[in-house]
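Student: What follows is a single structure, and I will ask about it in a moment.
The values are calculated or read from the model by the stated rules, or taken from the named source; none is laboratory data. Just so you know, these numbers come straight off a predicted model, no measurement behind them. Cβ sites come from the backbone with ideal geometry, for glycine too, and all protein chains shown count toward neighbours. Just the protein is used for accessible areas: all its heavy atoms, side chains included, with ligands, DNA and RNA removed. Shrake-Rupley method; radii C 1.70, N 1.55, O 1.52, S 1.80 Å.
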Amino acid sequence: MNRVELTGRLVELGALRHTPAGVPAIEFRLRHESERGEAGGLRKVNAELEAIAFETEARMIASALLDSPLLVEGFLCAKSRRSKRPVLHVTRIEFMEGK
């Protein structure tokens, strides 16, 4: 299974572009901070993740403000054939106002 659900804040936002097939796309970065239980204690979790969204989600994120709190769902995929670095492909975005 390859399913990711993550909360975080929008820390970087690229320009809305279109693929050669005309599909809207946008790249962005999400910063996540939380505490998780591990080995009988609490661990501070801090991570930034590269992400990309297409179609409706791309249009939604393109209008977002930096530092906006988000809940995203999606899957991990290699950035390209040459770079196996994982990128989160976002399939659902929820803006978490006031969080």
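Student: Compute the Cα gyration tensor for the chain, then decide on rounded, prolate or oblate, letting a ≥ b ≥ c be the square roots of its eigenvalues: rounded whenever a/c is under 1.5, prolate when a/b is larger than b/c in the other cases, and oblate in all that remain.
Tutor: oblate
Student: Moving to a separate point now. Please state, rounded to one decimal and in Å, the Kirkwood hydrodynamic radius that the range 48-88 gives when every pair of distinct Cα atoms enters the mean of 1/r.
Tutor: 11.6
Student: Next question, about the same structure. Based on DSSP H runs of at least 4 residues, each adding -39500 (n - 2.57), what is the mean residue ellipticity at 222 nm of the chain after dividing by all its residues, to the nearest 500 deg cm²/dmol? Kindly include the intermediate steps, with their values, before the conclusion.
Tutor: Working: 1 runs with 8 residues, N = 99.
Using -39500 (n - 2.57) per qualifying helix, the result is -2000 deg cm²/dmol.
Student: For the range 72-88, list residues with backbone N below 16 Å from a point placed 7 Å from the Cα of T7 toward its Cβ?
Tutor: What the label zone holds, given the 16 Å backbone N cut-off, is 72-73.
Student: Accessible area of E27, 1.4 Å probe, to the nearest 10 Å²?
Tutor: Roll a 1.4 Å probe over it and E27 shows about 80 Å².
Student: Okay, moving on. Quick one: among G74, G22, G40, which has the greatest mean-square fluctuation in a GNM of the chain with alpha-carbon springs under 10 angstrom?
Tutor: Highest fluctuation of the listed residues: G40.
Student: Further question on the same structure: Once you charge only the Cβ atoms, +1 for Lys and Arg and -1 for Asp and Glu, what is the size of the charge dipole of the chain about its Cα centre, to the nearest 20 debye?
Tutor: Details: 16 positive and 14 negative charges, 99 e Å.
Roughly 480 debye, rounded to the nearest 20.
Student: Accessible area of H32, 1.4 Å probe, to the nearest 10 Å²?
Tutor: 30
Student: Please report the accessible area of F75 (heavy atoms, 1.4 Å probe, ligands and nucleic acids excluded) in Å², nearest 10.
Tutor: 80
Student: Here's something else I'd like to know. Rank these residues by their accessible area, most exposed first, probe 1.4 Å: R17, R29.
Tutor: R17, R29
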